[in-house]
Amino acid sequence: MGDNVERPSFRRLPSVERLLQRLEAAGALGHHPRRLVVACAREAVDRARRRLVEGRGAAEEISLDALLADTEALLLERSAPSLARAINATGIVVHTNLGRAPLSEAARRAVAEAAGYAVLEIDHATGVRGSRQAHVASLLRELTGAEAAIAVNNNAAAVFLALTALARGRDVIVSRGELVEIGGSFRMPDVMAAGGCRLVEVGTTNKTYLADYEAALSPETALLVKVHRSNFSMRGFVHEVALPDLAALGRRAGVPVLYDMGSGAFVDLRTRGLPAEPTVQEAVASGVDTVTFSGDKLLGGPQAGLLVGREGAIARIRAHPLARALRIDKLDLAALEATLRTYRDPDRAWIEIPVLWMLGRSRETLEPAARDLADQLAPVLGDAAHVEVCPTISEMGGGALPGVELPSWAVAVRPAGSPVEIWDRRLRRHRPPVFARIVDDRLILDLRTVGPEDYIPLVDALAACRAAGRRGADG
Ligand SMILES: *Cc1c(COP(=O)(O)O)cnc(C)c1O
C-alpha cells in the first residue's frame, strides 16, 4: 500500500481544489450547499485514487472532466430524497421493506389534506377540544361490530400497550405454539417481559387444549392471550383452541382474553377464491375482550395498530399513560380514516384498496398484462436481452397467508451481454428504483404488484440498463 501511494502517477490526479474551481466555473455551486459540493468532490477524487491503488485504470485516464462528471453524479445522488418512490416487481404484495401496503387514492388525498392544519383534536362546530380517536373509533365499531376501538402507532405498540394496561405485574397465559417472532425484534416472550407480565406457557409446540389453559388459571392470572400464527403454518399432528372456546373460558373465569390477529382482514378472502384468513368481525363476534391487528397488512391502509373489543378492556387501554406515547400521528390517522370509509362498501374495497386489488388479480387477468408489458419492453431492449412471458408464483408477504402460493404471470428478462445481477443492480439504482426477483439467470417482473402506471417508468429503467451496458458504466 505504502509503495503504491508513492507511485508518481498519483501526482497526475487533479486536486480537489482544481476540481472545485471548475465546479465553481460551471455554476455547480449555485444551487448546492458548498459543504456538500466539497464532500462530493473529495469523494470523487478519493474513488479515483482507490481505483489506481487497486490497479484498475491509469492516472492518464482520469481526466478533470471525468472527475467533474463523477462529482455531479454524486451531488445528484446526495441531494435527491432518500425515501423515494419504488417500483415493486417482486410480486410480494405486502413488502415490508418497500413500505408494506400502498395507499388507496382516497387515503393519499386524505394525507395531503391533513398535512397542514387539520381538525385533529377539536370539534369544529363547538370549538371544544376532542379526541383524535373520534375520526376512526366509530368507523371501527361500525365495521367490526366491536363496542369500542382505539388506534395506535402500529400493531407491536397495540400488543405492548394491551399487555401493559391489562396485565402488568401479573400472569399471562399463552400457548407454547404461539410464542412467535414477527420480523426483526418483535418476539412474544420479550414483549411480555417488556410489558412487565409474567409469561405462563401452556401446552406444547404442536398441541394445546382448553384444559391446558384451565389448569394454569390462578388468582394471579390477568389475561389469556391467543396469537395468530400469521407468518408460518403448522401442519400434521397439531391442535389449538378455537377463539370462541377461549373467550368462553375467559368469561367463566372472569379473565379478559386478548387476540393478536396480526394481519386482520375486514373482508372474507374466500369470496375471491383465496384461502381463508380470519376476519376481524369473526374475532370480535367470538366474544374476546380485545383484538389487535395492523393497519398496513391485509387491511391495506397506513402503518397503525388497531385495538377493538369490549368497552371495559378498551377503556383501560385508552386510559393508560403509554397510550399517549404510542399514539397514532395525524397523517396515518387521515389515511386510516379514508381506508376504513372505503370498507363500508366491500365491493369498492376490492377495487380501490391496492392490497385487495392486487390479491384479487387472477392468473387470467395477469397474463394479458404480462404480454402487454413484454410487447413494450422487447423493442426497447432489442438484442440486449431476451424478453418473454411466463407463469410464476407470487406471495402475500408481510406476515399474512404464509405459504400460500398466488398463481401469477411475469415478464422474464434474460440479459444477453452481462450477468443478470448487474442488471438487477442497475434497476435498483435507477430512479425510481425497480425491485425484481432473479430466477435461473432471468429477471422476473411479476405483474401482480405492477400496475399500468408503472409500465412507462419500468420500460425506462430497463432501457437505462441497456444504455449503461453500452457505455460500460457499471460503478
Ligand atoms: C405483524 C404482526 C405484529 C406486528 O405488527 P406491526 O404492525 O408490524 O407492528 C404483531 N403480531 C402479529 C401476529 C403480527 O402478524
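The values are calculated or read from the model by the stated rules, or taken from the named source; none is laboratory data. Everything numeric in this text was worked out from a predicted model, so none of it was measured. We place every Cβ from the backbone using ideal geometry, glycine too, and count neighbours over all the protein chains shown. Accessible surface areas use protein heavy atoms only, side chains included; no ligands, DNA or RNA. Shrake-Rupley method; radii C 1.70, N 1.55, O 1.52, S 1.80 Å.
A few notes on this one:
- Residues satisfying the stated conditions in the range 140-155, i.e. open to solvent by 40 Å² or more (accessible area, probe 1.4 Å), within 15 Å of Gly264 (Cα to Cα) and within 15 Å of the ligand (Cβ to nearest atom): Asn154
- Of the residues making up the range 185-242, not one is touching a Lys or Arg at 6+ places or on another chain (Cβ under 9 Å) and without any contact (Cβ under 8 Å) to a residue 24 or more places away in the chain.
- Against the numbered list (1) farther than 14 Å from Thr90 by Cβ; (2) open to solvent by less than 10 Å² (accessible area, probe 1.4 Å), Leu406 comes up short only at (1).
- Test: residue in the range 328-347 that is within 16 Å of the ligand (Cβ to nearest atom) and at pLDDT below 95: no
- Positions within the range 173-189 being among the small types (Gly, Ala, Ser), within 23 Å of the chain's Cα centre (by Cα) and more than 10 Å from the ligand (Cβ to nearest atom), in sequence order: Ser185
- Test: residue in the range 183-195 that is in a strand (DSSP E or B) and either small (Gly, Ala, Ser) or within 30 Å of His95 (Cβ to Cβ) (or both): yes
- Single match in Leu223, Leu258, Leu299, Leu246 (criterion: part of a helix (DSSP H, G or I) and buried (at least 19 other Cβ atoms within 10 Å of the Cβ)): Leu246
- Test: residue in the range 260-274 that is more than 30 Å from Ile351 (Cβ to Cβ) and not basic (Lys, Arg): no
- One residue from Leu445, Leu427, Leu458 being open to solvent by less than 40 Å² (accessible area, probe 1.4 Å) and part of a strand (DSSP E or B): Leu445
- Within the range 337-405, helices (runs of 4 or more DSSP H) holding 2 or more residues that are under 30 Å from Asn155 (Cβ atoms) and of a type in the set (Asp, Glu): 346-352
Condition check ((1) at pLDDT below 80; (2) out of contact with any Gly (no Cβ under 6 Å at 6 or more places or on another chain); (3) of a type in the set (Gly, Ala, Ser)) across all residues:
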site: Met1; (1), (2), (3): yes, yes, no
site: Gly30; (1), (2), (3): yes, yes, yes
site: Val37; (1), (2), (3): no, yes, no
site: Leu52; (1), (2), (3): no, yes, no
site: Leu68; (1), (2), (3): no, yes, no
site: Thr90; (1), (2), (3): no, yes, no
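- Total residues in the range 97-117 satisfying the condition of being open to solvent by 50 Å² or more (accessible area, probe 1.4 Å) and either under 21 Å from Val308 (Cβ atoms) or part of a loop (DSSP other than H, G, I, E, B) (or both): the figure is 4.
- Selection within the range 393-403: residues that are more than 17 Å from Ala265 (Cα to Cα) and open to solvent by 40 Å² or more (accessible area, probe 1.4 Å). The member of this set that is farthest from the ligand (Cβ to nearest atom) is Ile393.
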